[in-house]
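What follows is a short report on a single structure.
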Amino acid sequence: MTTEPDVNAESAVTPDSAVTTESAIPVLLTPLQARVVSVLYEKEHTVPDTYPLSINALMSGCNQKTSRDPVMTISESDVQQTLDELRRRSWVIESSGGRVMRYSHNLKRMLGVPAESVALLVTLMLRGPQTPGELRINCDRLQRFSDLSAMQGFLDELATRPQGPMAVLLPRQPGARESRWMHLLSGPPDEALLYPSPGARGMGGAPAGSSAAAQADEIEALTQRVEQLETELARTAESLRQLRGELGLAP
């Protein structure tokens with residue numbers, strides 16, 4: 001089990017912590033803390049009826065096998081310990097929900113960036129480094145961007161914050177067509193990401209052995225988007241039917 005970072009949320013990012021070397025990047029969240037708060041944010045937007053989350057629902061979201069990179073297997077005690085760490089630092093809020101305690105995130109206040117930037121960071125925390133195209137698709141249920149250039153502006157702001165960067169554009173991998181973005185809330189990138197070796201990527205530019213998983217994630221994101229649009233269309237049709245009935249018009 002990882003230990004709680006020494007850096008507190010209020011003072012971790014300072015003007016002196018700009019990216020000059022890897023060690024200059026502060027660790028705001030451990031990987032497990034990042035998974036917990038990002039799942040809370042995701043579920044707030046995708047299943048609002050069950051939010052704030054119980055510890056069991058949160059554990060299930062942390063251990064999902066799809067839309068997660070890396071895939072984790074976290075016990076209930078791990079989740080509880082992580083929640084206690086985050087609650088003490090005000091990243092998470094605990095509330096009473098009937099017979100069980102429920103938990104909500106405090107990401108927007110703690111990060112101090114626009115909602116669009118929070119959604120991008122959450123998507124990077126949940127799914128690991130991604131190209132701009134992948135990031136726009138995967139982020140759609142949390143925040144819709146009109147086009148890639150609109151999203152790019154928020155990424156650039158995250159990478160050039162005077163108080164210290166929260167995201168970085170990684171060097172393009174051998175054989176890849178695009179570079180990938182990565183969040184910095186859990187510290188600097190691994191050396192393998194900064195200095196990729198030949199053969200580290202698969203045929204399509206994805207990490208060797210992971211192209212099928214990446215394609216499955218994209219298909220899942222598109223399927224979810226289609227389902228969302230179908231639901232919205234059905235609601236619109238029902239509202240129109242009711243309106244026509246109130247006006248005495250034929251169906």
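Say we look at the range 76-110 and pick out the residues that are among the β-branched types (Val, Ile, Thr) and modelled with pLDDT of 95 or more; which of these is nearest to the chain's Cα centre (by Cα)?
Applying the first criterion (among the β-branched types (Val, Ile, Thr)) to the range 76-110 yields 79, 82, 92-93, 100.
Still in the running and modelled with pLDDT of 95 or more: 79, 82, 92-93.
Numbers: Val79: 18, Thr82: 17, Val92: 16, Ile93: 19 Å.
Filtering the range 76-110 for residues that are among the β-branched types (Val, Ile, Thr) and modelled with pLDDT of 95 or more, the one nearest to the chain's Cα centre (by Cα) comes out as Val92.
Does any residue of the range 121-131 turn out to be within 13 Å of the chain's Cα centre (by Cα), surrounded by fewer than 20 Cβ atoms within 10 Å (Cβ to Cβ) and not basic (Lys, Arg)?
Within the range 121-131, the first condition is being within 13 Å of the chain's Cα centre (by Cα), and the residues that meet it are 121-130.
Restricting the remaining residues to those that are surrounded by fewer than 20 Cβ atoms within 10 Å (Cβ to Cβ) gives 128.
Restricting the remaining residues to those that are not basic (Lys, Arg) gives 128.
Yes: the range 121-131 contains one or more residues that are within 13 Å of the chain's Cα centre (by Cα), surrounded by fewer than 20 Cβ atoms within 10 Å (Cβ to Cβ) and not basic (Lys, Arg).
I'd like the residue in the range 159-175 that is in a loop (DSSP other than H, G, I, E, B) and without any contact (Cβ under 8 Å) to a residue 40 or more places away in the chain and, out of all such residues, is nearest to the chain's Cα centre (by Cα).
Among residues in the range 159-175 that are in a loop (DSSP other than H, G, I, E, B) and without any contact (Cβ under 8 Å) to a residue 40 or more places away in the chain, the one nearest to the chain's Cα centre (by Cα) is Thr160.
What are the pairs, 6+ residues apart or on separate chains, where a residue within the range 61-81 that is at positive phi has its Cβ under 8 Å from a residue that is surrounded by 17 or more Cβ atoms within 10 Å (Cβ to Cβ)?
The qualifying pairs are Ser67/Leu126; Ser67/Arg127; Ser67/Asn138; Ser67/Asp217; Ser67/Ala221.
Residues of the range 29-55 being free of Cβ contacts under 8 Å to residues at least 40 places away in the same chain, in a helix (DSSP H, G or I) and more than 11 Å from the chain's Cα centre (by Cα), which ones?
Pro48, Asp49, Thr50 - these are the residues of the range 29-55 that are free of Cβ contacts under 8 Å to residues at least 40 places away in the same chain, in a helix (DSSP H, G or I) and more than 11 Å from the chain's Cα centre (by Cα).
Of all residues in the range 136-174, how many are in contact with a helix residue (DSSP H, G or I) (Cβ under 7 Å, 6 or more places away or on another chain), charged (D, E, K, R) and surrounded by fewer than 20 Cβ atoms within 10 Å (Cβ to Cβ)?
Of the residues in that region, 3 qualify.
Is it true that some residue in the range 131-141 is touching a residue at least 60 places away in the same chain (Cβ under 8 Å), assigned to a loop (DSSP other than H, G, I, E, B) and not hydroxyl-bearing (Ser, Thr, Tyr)?
Yes - at least one qualifying residue is present in the range 131-141.
Identify, by number, the condition in (1) surrounded by 13 or more Cβ atoms within 10 Å (Cβ to Cβ); (2) assigned by TED's automatic domain parsing to the domain that holds Glu232 that Cys62 doesn't meet.
(2)
The values are calculated or read from the model by the stated rules, or taken from the named source; none is laboratory data. Please read these numbers as outputs of a predicted model, since none were measured by experiment. Neighbour counts run over all protein chains shown; Cβ positions are idealised from the backbone, glycine included.
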